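One structure is given here, and the rest of the page talks about it.
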Amino acid sequence: MNDMSPNKIEREAKLEGMGCKRKRVEDARFTQGKGNFVDDIKLPGMLHGDFVRSPYAHARIKSINIKKAMKVPGVLAVLTSTELKGVNLAWMPTLAGDVQMVLADGKVLFQNQEVAFVVATDRYAAADGCEAVEVDYEALPVLVDPFKSMDKDAPELRDDLKGKMTGAHGPRKHYNHIFEWQVGDKEMTDMAFKKADVTIKELISYHRTHPSPLETCQSVASFDKIKGELTVWGTFQAPHVIRTVASLISTIPEHKIHVISPDVGGGFGNKVGAYPGYICSIVASIVTGKPVKWVEDRIENLTSTSFARDYHMTCEIAATKEGKVQALRVHVLADHGAFDACADPSKWPAGFFNIVTGSYDFPTAHCAVDGVYTNKAPGGVAYRCSFRVTEAAYCIERGMDILAQKLKMDPAELRLKNFIKREQFPYQSALGWEYDSGDYHTAMKQGMERIDYAGLRAEQKKRQADFKAGKTRDIMGVGVSFFTEIVGAGPSKNCDILGIAMFDSCEIRVHPTGSALARVGTKSTGQGHETTWAQIIATEMGIPSADIMIEEGNTDTAPYGLGTYGSRSTPVAGAAIAMAARKIKAKAQMIAAWLLEVHEGDLVFDIDGFRVKGLPEKFKSMKEIAWAAYHQVPPGMEPGLEAVSYYDPPNMTYPFGAYFCVMDINVDTGVYTIRRFYALDDCGTRINPMIIEGQVHGGLTEAFAIAMGQEIRYDAGGNCLTGSFMDFFIPTAVETPHWETDHTVTPSPHHPIGAKGVGESPNVGGVPAFSNAVNDAFGFLGSTHIQMPHDYWRNWEAAKTLGLVK
Amino acid sequence: MSKVHVKYKVNGQDVEGLCEPRTLLVHFLRENLMLTGTHIGCETSHCGACTVDLNGKSVKSCTVLAVQASGGDVLTAEGMTNADGTMSALQEGFRQMHGLQCGYCTPGMIVRAHRLLQENPNPSEEEIRFGIAGNLCRCTGYQNIVKSIQYAAMKLRGEEFKEAAQ
Amino acid sequence: MIPGTFEYHRPKTVVEAAKLLKKLKEARPLAGGHSLLPMMKLRLAAPTALIDLGGIAALRGIKKVGSKLVIGAMTTQHELLASALIQKNVPILHETAILIADPQVRYVGTIGGNVANGDPGNDMPAVMMALDATYILAGPTAKRSVKARAFYKGSYETVLKAGEIVTAIEIPAQGKHGYSYEKLKRKIGDYATAAAAVILTMKGGKVVMCSITLTNLGPTALLADAAAKALIGTSGDEAAVDAAVAAARKIMSPAHDTRGTPQYRTSVGGIYVARAIKAAMARA
């Protein structure tokens, strides 16, 4: 029966379940200044910790003198690596199988590296204490160019790895080399290139940048000596993982460690891994017996916590002269800074870079990644990107445009010609992924129609003629980006973080009076889980979302989860939530059958309860069933109404989208105007369209910033030139373009509710759209590839190189 | 260094306290008065997360000394809720139009929007964007913040909110 | 994020302030604080005493004195923008103020702070030079006036003596004039990548008076005298503008920073001079 009688419509609306623009639960506290962020926490006797940091990018530490610092009023202790060695915490393991100094041990390897931790009664005294610590450095030669890192005479960075020619991911080629990772069929790919009609080869760099959430990283650690228990509040996107890591590196058993992520002001990948600040606040609390808070400044955040990207990708595509791609060959030089602190699943030192075949049907492909050390901040993390997917998408989307230019084909036309067809899904890519579902042609054509692509190309042609005739100094670009990304890490067969499989979890308990509490292993940092997770449960088991409280972030009560990053929450935890709700629904069905004196099979689930087939007036609502669960269950059944689900996803999910950017650039000033930006996203089933739209707006804004100027840049001496908001480009409301959003829906066949996740898509697809627009604008004047970011001055340099300006 | 005595009216209440001359107003609010709604996002006066309304002006409280503005009248996000506990037009607008995600920029953004609407009760989209250019947001891309402020502006003018066509 | 310690003083008169500045070693005046406090928070400046000028009523206000416009040093950018006197008599100040920083900073930042700091990135120095304004300086015992055009010696270096503060800015009558301040920046709140101020008057289709100044294209704001001279007596045609631009570029020595290379900034600097000249002529 499928009638949508007014009663049905009303009952469904009352649920506010999946698919509706449910307003957010979180907003009440945030709009009234009643959020509970880490720096809002105040405990009796709490102390503050702050770092002394190295001004040098590479130097030996000859001495550290803390005498003056200890005399500063309010300063209680100064930790150096010596003190940390005493508790075996001078170094800590990274998520990538490397080790990282917590406090500088003998030398420093990047500017602003942590050297000492000053603990004081308040943050002002701690700052004064830091000023007073005297460190004597002996400068060493600096290495900032990853292309020079494996030179014969390159400065040797890692004394601790001297002589070790094997790393966590296999053999090392050079003392500054970290790993080599290869995937694909090298022989077949090389052969395809040899035979190809047309090939392109280009060095495409994705520059270093930083996730920079508005709230920096911070923690409050409180060690209770009497109970032997450690409580840590922190900006953690993955609180359970932090707890397990804390237990592994300290002597405190895991059940005595309480990790809590309260409200977190944005993550974007910055808050996945562990930082020296967390470790030092913990040690300081153990040493002093008091709670210790650590709050980093913005400059500290940008210059010492994990950067993103810094991938230098040589992209080669082989094609027939008709424009059918035959092979893809990519080599990546990955700059990891001083320590490989990459936050990837452990078997993937280059993340899921092998999604680089993108949306296209490549018969064969091969890719190799070499990771190297330099004197820069350690990392990298996935800045709204899944794992290295933004890099891969940028590589292939630029590559396809370069190929289109060589073939003298329209970039959209080339893509349509090479898309994986709908019938080919599930699709085995040449680099080893099974894409779950997709309908690229429909999405692309919808997008092209909505923006009048043909009209734009006609306009561009006229503009090119006008430019050549000297009638205008403004060139016009249409940037096309059709991305397929891979999210939802991930299946236990190939995804783990330090050995812990990347499942996720949900525990739901329904109370006697019919409302419910659900705890999930993810941690929202702005994605609105308190609102959307309830929507899934509401639709799955018929309790209004307003009656469902969602909790995340307290590791004592939330079932184990791997946290929120890489758009994994909806694909993995969203599935666990649906499965837990279905377990409850199954039990509810049995109870309803008992109450209605029918067989279970005679019941059908109807929005908010169970109805007997053929006898529509015989109905039990979930509210009635909940009450009954506590006193009137069938004989042999346990009372109560709760369930927990740990979900090990069978596969990743593959959201995709079609983005178009229309841009005008004045060649004399390099100033660009984003005339129009259209983003069509397909994230499968859409839980809350309002939240999806918000995610797309936010991700596109980050992509805009990255493509057009946001970078972490170092000079030859290893000095960071963009370490504050003065120079690290965060656009205001004035620079930020207007975003047009659209969608198609191609559900994931393996996901319980068909949802794929969407948070990172706009950053994945956005950057190529902007960069392709700039390159598309200049292309008719003879350029093949202009590196991003596309600041005004760089656009001018490109114009100058092309002889357009003096 | 000896402390100084400062006095303020904050969200309608008279308060006073002791602090150092160098104590920033944002720290006085957050640590002395336990009003943690106002946030800190940078130390170079760019992000605006610390914005409060001081004597009828939008001010970055991280760039003012508590002693420098002593005697002043301060409004923070906590003080924007209506006396009867209901949400003010702006707070409601931000909720209706999804003008926030992580919530960290929100208090500063709302307090700034409050003053913006006092300066100009009927701002165009361009005027709103220019008016909030001292407040950075990493989550929303500003588009829904603009709508939230338009919603509040209309509500305050007694009109019903009508979304502009895309 | 946390400044070092200092003594705080809040004098009631200019003389009191000047005496304190002279007497206390490493004392600095505090105006709006939006240049000084950020530097102190990064501990790039560490004055041991701050002399808050916020309590001195004599430093506020905009008034007409004879044919001159006199602006108190503690006038905020916001007050400048709200002033009908400014809008009517010196509209270039209005055009410039709206391009400075962001709404919050404009509520607190003062014109005195913007001109007296010697920061080559500040916008008002060039504009004051274009207007041929005079700064009134007051010390503990004496006052003097210094032309804006003679005030700046180098980056963060001015003719201010120990114990002196700028108390007011006098702007001579401009009469009917064309004006423009054109500023290229990366985003709202940024200093200029390049900016140019032009004031000119025209008679009978010819430029009879002109001053052109530049922001952030050298260690101080620059007076592009030769550039202005290239326009005077001409009709402001393409050739004259080109000559003015070439002359202006000759004196530019912009820093190489994340806003761009010196070559780029000199190139766009010239373009913005041209834009400012054309806009000023259209308004003349």
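Since every read-out is calculated from the coordinates, none of them should be taken as a lab result. These numbers come from a predicted model, not from an experiment. Cβ sites come from the backbone with ideal geometry, for glycine too, and all protein chains shown count toward neighbours.
How big is the range A:144-249 along each principal axis, measuring the range of its Cα positions in Å and listing the largest first?
72, 35, 27
Would you tally the net charge around residue A:732, using a Cβ to Cβ cut-off of less than 9 Å, leaving residue A:732 out, and scoring K and R as +1, D and E as -1?
Local net charge: 0.
According to the Cα gyration tensor, what semi-axes, each the square root of 5 times an eigenvalue, does the equivalent ellipsoid of the range A:418-480 have, listed from largest to smallest in whole Å?
In descending order the semi-axes read 37, 14, 7 Å.
Which distance in Å, rounded to a whole number, links the C-alpha centroids of the range A:746-800 and the range C:80-94?
Spelled out, the Cα-based centre of one part sits 44 Å from the other.
Mind putting a number on the dipole of chain B about its Cα centre? Charges go on the C-beta only, +1 for Lys and Arg and -1 for Asp and Glu, and I need it in Debye to the nearest 20.
Magnitude of the dipole: close to 260 debye.
Which log10 I(q)/I(0) values, to two decimals, does the range A:567-644 give at q = 0.17 Å⁻¹ under the Debye formula with one point per Cα?
Taking Cα atoms of the range A:567-644 as identical point scatterers yields -0.65.
Cα convex hull of the range C:7-52: how many Å³ per residue?
61
Once you have the alpha carbon radius of gyration of the protein assembly as shown, what is it after dividing by 2.2 N^0.38 Å, with N set to its residue count?
So the protein assembly as shown has a normalised radius of gyration of 0.95.
Taking K and R as +1 and D and E as -1, what net charge do the other residues with C-beta under 12 Å from the C-beta of residue A:101 add up to?
-2
Return, for the Cα atoms of the range C:62-171, the radius of gyration and Dmax in Å, separated by a comma.
For the range C:62-171, the Cα radius of gyration and maximum Cα-Cα distance read 13.1, 37 Å.
How far apart, in nanometres, would the label points at residue A:492 and residue C:246 be if each is projected 7 angstrom from Cα along the Cα-to-Cβ direction?
So the label points at residue A:492 and residue C:246 sit 7.8 nm apart.
Hey, could you pull the Cα Rg and Dmax for the range A:336-464, both in Å?
17.8, 52
For the protein assembly as shown, what does -39500 (n - 2.57) per DSSP helix run (n ≥ 4), summed and divided by total residues, give at 222 nm, in deg cm²/dmol to the nearest 500?
The helix contribution divided over the protein assembly as shown gives -9000 deg cm²/dmol.
Taking 0.36 nm per residue of separation and subtracting the Cα-Cα distance, what length does fully extending residue A:509 through residue A:613 add?
Taking 0.36 nm per residue and subtracting the Cα distance, the gain is 34.6 nm.
Would you count, across the range C:25-178, every pair of lysines whose alpha carbons are under 24 angstrom apart, provided the pair is eight or more residues apart or spans two chains?
Total qualifying Lys-Lys pairs in the range C:25-178 comes to 23.
Taking the Cα atoms of the range C:5-133, report the difference between the largest and smallest coordinate on each principal axis, in whole Å and largest first.
43, 31, 24
Regarding the range C:133-212, what's the average projected area of the Cα-atom convex hull, expressed in nm²?
With the hull built on Cα positions only, its mean projection is 7.5 nm².
Please work out the FRET efficiency for the pair residue A:226 and residue A:583, using the Cβ-Cβ distance as r and a Förster radius of 35 Å; give the result to the nearest 0.05.
0.30
Quote to one decimal, in nm, the extra length available between residue A:676 and residue A:422 on full extension: 0.36 nm per residue of separation minus the C-alpha distance between them.
Residue separation times 0.36 nm, minus the Cα-Cα distance, leaves 88.6 nm.
Which one, A:595, A:561, A:542, is farthest towards the positive end of the dipole of the range A:537-605 when Lys and Arg carry +1 and Asp and Glu -1 on their Cβ?
The listed residue farthest towards the positive side: A:561.
According to a simple spin-label model (label point 7 Å from Cα along Cα-to-Cβ), what is the distance in nm between residue A:10 and residue A:43?
5.2
At q = 0.18, 0.20, 0.23 Å⁻¹, work out log10 I(q)/I(0) for the range B:89-156 with the Debye formula, treating every Cα as an identical point scatterer and leaving solvent out; two decimals please.
Here the Debye-derived log intensity ratios amount to -0.53, -0.66, -0.91.
Once Lys and Arg get +1 and Asp and Glu get -1 on their Cβ, which of B:71, B:59, B:5 lies farthest toward the positive end of the dipole of the range B:4-79?
B:59
How large is the dipole of the protein assembly as shown about the Cα centre if only Lys and Arg carry +1 and Asp and Glu carry -1, each at its Cβ, rounded to the nearest 20 debye?
Rounded to the nearest 20 debye, it is 3700 debye.
In nm, to one decimal, how far is the residue B:14 label point from the residue A:745 one, both placed 7 Å along Cα→Cβ?
Rounded to a tenth, the inter-label distance reads 6.0 nm.
Taking the Cβ of residue A:797 as the centre, find all other residues whose Cβ is under 14 Å away and add up their charges (Lys, Arg: +1; Asp, Glu: -1).
Surrounding charge for residue A:797 is +3.
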